[in-house]
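The values are calculated or read from the model by the stated rules, or taken from the named source; none is laboratory data. Predicted model, so just to flag it, every value in this text is computed and none were measured. Cβ placement follows ideal geometry from the backbone for every residue including glycine, while neighbour counts extend to all protein chains displayed. Surface accessibility is based on the protein's heavy atoms, side chains included, excluding ligands, DNA and RNA. Shrake-Rupley method; radii C 1.70, N 1.55, O 1.52, S 1.80 Å.
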Amino acid sequence: LITVLDHATELNIGLLLFPTGNCITMYRNRFGLDLLEEIRSRGHWVGNHTISHPHLARVSRAEVARQIAWPETNILRPPFGSWNQMVYQVAAENGMRLMMWDLDTNDWRGPKAEQDIIDLVVTYAEPGNSVLMHFQHQAFTTNALSQIQYGLRARGIELCRPAPIWERPTPAL
């Protein structure tokens with residue numbers, strides 16, 4: 001992950017990463033790394049993806065509040081895209097806005113060839129899209145970032161740093 005973060009910085013690609021709290025704890029315990037600091041120190045953004053990745057629309061209000069109670073960010077990407085009015089309200093009460101994705105690479109569904117995911121992103125991403133990729137899956141590599149940037153640039157699409165959250169639309173019910 002750190003190599004990919006460094007490479008993205010070198011390419012002037014701004015990533016918006018959504019690690020779970022469990023992932024952050026694992027990096028701290030296993031590698032002695034403060035994952036949030038590693039991401040931010042390279043100029044990338046961090047969003048909240050809950051502590052343990054539940055379907056937020058299926059849990060209680062108190063559990064939603066517990067799952068998103070990190071002070072580190074004002075952006076929430078609900079796991080599985082699972083949200084409802086209650087999730088939206090709890091997020092707002094905690095100073096967060098929801099952010100969804102426009103293009104899902106479905107890398108989480110199982111092993112896929114790196115080139116298939118690169119081709120999907122290069123073919124279907126549009127200007128302003130948020131592309132969903134998971135950093136624990138095989139296409140989150142330095143090679144993939146380089147090829148995606150090159151392929152999108154050939155289509156006239158530049159990758160850039162995420163817009164400030166106040167410029168991002170909130171999903172409507």
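One line per residue, one yes/no per condition, for (1) closer than 17 Å to Phe140 by Cβ; (2) among the hydrophobic types (A, V, I, L, M, F, W, C):
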site	(1), (2)
Asn22	no, no
Arg28	no, no
Leu33	yes, yes
Glu37	no, no
Arg40	no, no
Gly47	yes, no
Thr50	no, no
Ser60	no, no
Practice item. Taking the residues in the stretch 27-41 that are in a loop (DSSP other than H, G, I, E, B) and not acidic (Asp, Glu) as candidates, determine which candidate is farthest from the chain's Cα centre (by Cα). Key: Gly32
Exercise for review: Taking Arg42 as meeting all but one of (1) out of contact with any helix residue (DSSP H, G or I) (no Cβ under 8 Å at 6 or more places or on another chain); (2) closer than 30 Å to Tyr150 by Cα; (3) basic (Lys, Arg), write down the number of the exception.
Suggested key: (1)
Review point. Restricting attention to the stretch 1-15, which residues are among the hydrophobic types (A, V, I, L, M, F, W, C) and open to solvent by less than 40 Å² (accessible area, probe 1.4 Å)?
Key: Val4, Leu5, Ala8, Ile13, Leu15
Exercise for review: Could you tell me whether the stretch 42-52 includes any residue that is of a type in the set (A, V, I, L, M) and either more than 17 Å from the chain's Cα centre (by Cα) or in a helix (DSSP H, G or I) (or both)?
Suggested key: no
Check your understanding: Restricted to the stretch 9-21, and to residues that are modelled with pLDDT under 90 and in a helix (DSSP H, G or I), which residue is nearest to Ser52 (Cα to Cα)?
Key -> Thr9
